[in-house]
2 protein chains.
Amino acid sequence: MPLPFDVLAEPSRRKILDLLLERPRLVGELTEQLGLSQPGTSKHLRVLREAGLVRVRQEAQRRWYELRPEPLAELDAWLAHYRHLWSGSLDALERHLDATEDDPR
Amino acid sequence: MPLPFDVLAEPSRRKILDLLLERPRLVGELTEQLGLSQPGTSKHLRVLREAGLVRVRQEAQRRWYELRPEPLAELDAWLAHYRHLWSGSLDALERHLDATEDDPR
DNA sequence: TCGATGCATTCCCTTGCGGTTATATAACTC
DNA sequence: GAGTTATATAACCGCAAGGGAATGCATCGA
């Protein structure tokens, strides 16, 4: 799974993630919040789905979209290479945690 | 300063950051590593500069580019909203650290 | 069975971005 | 001062991505 920077570069898609952070939502709900056309929303949702950032649960004609955080965790891992540049005093602790936690893969 | 997702969406620009993570570099050096034309490299560097991700130090005709991590720290802050979704057992510790560290702003 | 609902897909248009070549600018060297 | 080196800017091109309107498809309710 490649890093989802390009997917997250789109403000509407970040807003979708913010909305899904609260709770799963229907496409119509998201469309209303975004101020986009329904097809526009569906297209963004497809991109998010293919990037693994959301998953769908179908219920009759309705589709509940919910968050899938795994790609964000990968983003976090990418950021980790740079974190020592600003994290300052927590640095030593973080390195210790990184070194001692179980390998997640 | 807006979140630099769109800036980081470009693979060559991420590679520049990776290279600058090791040490400051000249434009020519970066051009060679990237396999781009020199103007192409300069355009990416301009984008990175305007996003605050790099800074330049001029030395005669040469320009040393170096990393500026502040926008990455903002990205990290954005990610923090989602981190509880995957961080699992470290969660409580992280919340404790977030709550007790000095406010950086 | 038929209209309505909820969403996805298609088509089209426009804009922006990354790439290159050519050119400008500035400082060093001789 | 002339040529050279290092980088930036300008001009141009092609393509992909985001946006909307129209349409397709499935499921529900009556």
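Each residue in the range A:47-77 was checked for being surrounded by fewer than 16 Cβ atoms within 10 Å (Cβ to Cβ), out of contact with any strand residue (DSSP E or B) (no Cβ under 8 Å at 6 or more places or on another chain) and within 17 Å of A:Glu10 (Cβ to Cβ), and 1 pass. Is at least one residue of the range A:12-19 within 11 Å of DNA strand C (Cβ to nearest atom) and of a type in the set (Val, Ile, Thr)? The answer is no; no qualifying residue exists. Residues of the range A:48-78 that are within 14 Å of chain B (Cβ to nearest Cβ), part of a helix (DSSP H, G or I) and within 13 Å of DNA strand D (Cβ to nearest atom): A:Leu48 alone.
Just one residue in the set A:Ser37, A:Ser12 is hydroxyl-bearing (Ser, Thr, Tyr), in contact with a helix residue (DSSP H, G or I) (Cβ under 6 Å, 6 or more places away or on another chain) and over 18 Å from B:Asp76 (Cα atoms); that residue is A:Ser12. Select from the range A:18-47 the residues that are within 14 Å of DNA strand D (Cβ to nearest atom) and touching a Phe, Trp or Tyr at 6+ places or on another chain (Cβ under 8 Å) and write down the one among them that is nearest to A:Pro2 (Cα to Cα). Checking each candidate, the answer is A:Leu45.
For the range B:7-14, the count of residues that are away from every other protein chain (no Cβ under 11 Å) and closer than 21 Å to A:Tyr82 by Cβ is nonzero.
Quick note: the coordinates plus some simple rules give every number you see, no bench work behind them. Model, not experiment: these values are computed from the prediction. As a convention, Cβ positions derive from the backbone with ideal geometry for all residues, glycine included, and neighbour counts pool all protein chains shown.
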